[in-house]
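The structure appears right after this line, and notes come after that.
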């Protein structure tokens with residue numbers, strides 16, 4: 001995989017399920033906050049606490065742009081990973097590429113569901129794939 005991808009997890013899930021999903025996803029780092037960091041302390045994974053990041057202008061400051069990766073996203077690279085519900089016994093990872101995501105958004109627009117001028121708030125949990 002080039003660059004990185006996003007994999008939403010529910011903090012409401014039991015610790016053993018989260019551990020299994022992290023292993024299956026081969027995660028290198030996890031975004032946490034003060035309510036979720038204790039669920040992942042036993043892993044050898046980098047934890048990035050968002051508490052110190054939210055609202056900090058220097059994170060997005062133009063003076064730091066040269067420190068960011070210059071990796072380009074290609075249509076066949078993974079945008080995010082979502083897990084199935086596990087109703088058959090084991091959750092399975094589903095990899096959504098940038099092309100898949102673009103096609104979904106283009107379909108919404110071409111069907112008149114949304115326009116390019118609208119903002120959309122997802123009404124389901126972030127771990128539920130509405131696409």
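Structure above, values below:
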| quantity | calculated |
| --- | --- |
| Some residue of segment 111-125 being surrounded by fewer than 13 Cβ atoms within 10 Å (Cβ to Cβ), out of contact with any helix residue (DSSP H, G or I) (no Cβ under 9 Å at 6 or more places or on another chain), modelled with pLDDT of 90 or more and not in a loop (DSSP other than H, G, I, E, B) | no |
| For residue 16: the one exception among (1) loosely packed, with under 12 Cβ neighbours inside 10 Å; (2) touching a strand residue (DSSP E or B) at 6+ places or on another chain (Cβ under 6 Å) | (2) |
| Subset of segment 50-83 that is modelled with pLDDT of 85 or more and within 18 Å of residue 8 (Cα to Cα) - its residue that is farthest from the chain's Cα centre (by Cα) | 77 |
| Residues (closer than 15 Å to residue 85 by Cα and in a loop (DSSP other than H, G, I, E, B)) located in segment 13-51 | 13, 14 |
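The values are calculated or read from the model by the stated rules, or taken from the named source; none is laboratory data. Being a predicted model, the structure only gives us computed values, none of them experimental. No Cβ is skipped: glycine too gets one built from the backbone with ideal geometry, and neighbour counts run over all protein chains shown.
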